[in-house]
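Where a number appears in this text, it was derived from the coordinates with a stated rule and is not lab data. Just so it is clear, the structure is predicted and the values come from calculations on it, not from any experiment. Quick reminder, even Gly has a Cβ in these numbers, built from the backbone with ideal geometry, and neighbours come from all protein chains shown.
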Amino acid sequence: MTKNPKLTSRFEAALVYATQLHATQVRKGSGIPYISHLLSVAALVIEDGGDENEAIGALLHDAVEDQGGAKTREEIRLRFGDEVANIVDGCTDAEVIPKPPWFERKQKYIDNLRYASPSVRRVSLADKLHNARSILADWDKTGEAVWSKFKGGKEGTLWYYRSLLNIYKEAQPGFLTDELERIVTQLEEASGLCN
């Protein structure tokens, strides 16, 4: 179902807020400013027909996890409303420091995604697609060394993406899901872990 992707000053405010929140954060292993990921996820959501709340959720999907936990969630709720806060919550795998063990967090995220709203799944799918594209680009540059920056290593990371893909294929079919499957399959083939 395609929604109206009209953007207002709320989206602009969210873009400024996301830029401020993640100002010093960079992408894992690359040094690329983190806002590039948030912009890419928002673009994928908008191109997939997402509405403004989903686009804002995309900009802020890592804010609670990476930039302040419950305090940031409350700020998002006050500034952008319950729907955006719910999308961000659905895309958050941990908000406490130190984070729970990797496998436990990822399994919980997978379990929650099965029952998530279409809005949460759209933003989650855009997030995972952009991450998978980044992993593939890094794999092309560094080969197997790419897996060293992930707590789950090669096997765990590919298991996680394949598990998510199975949920998206059932609940969120379409171009983004097809694209994620193409990228995950390429990563599996390149790494010798074909399904």
- Task: Give the residues of the range 136-154 that are over 22 Å from E179 (Cβ atoms), touching a helix residue (DSSP H, G or I) at 6+ places or on another chain (Cβ under 6 Å) and assigned to a helix (DSSP H, G or I), sorted by residue number.
- Result: G153
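Look at A70 and say whether it is hydrophobic (A, V, I, L, M, F, W, C), surrounded by fewer than 16 Cβ atoms within 10 Å (Cβ to Cβ) and on the phi < 0 side of the Ramachandran plot.
The answer is yes for A70.
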- Task: Quick one: in the range 91-130, of everything that is among the basic types (K, R) and under 16 Å from the mean Cα position of the chain (by Cα), which residue is farthest from D62 (Cα to Cα)?
- Result: R114
- Message: So, in the range 144-195, exactly how many residues are under 15 Å from R122 (Cβ atoms), touching a residue at least 40 places away in the same chain (Cβ under 8 Å) and of a type in the set (K, R)?
- Response: 0
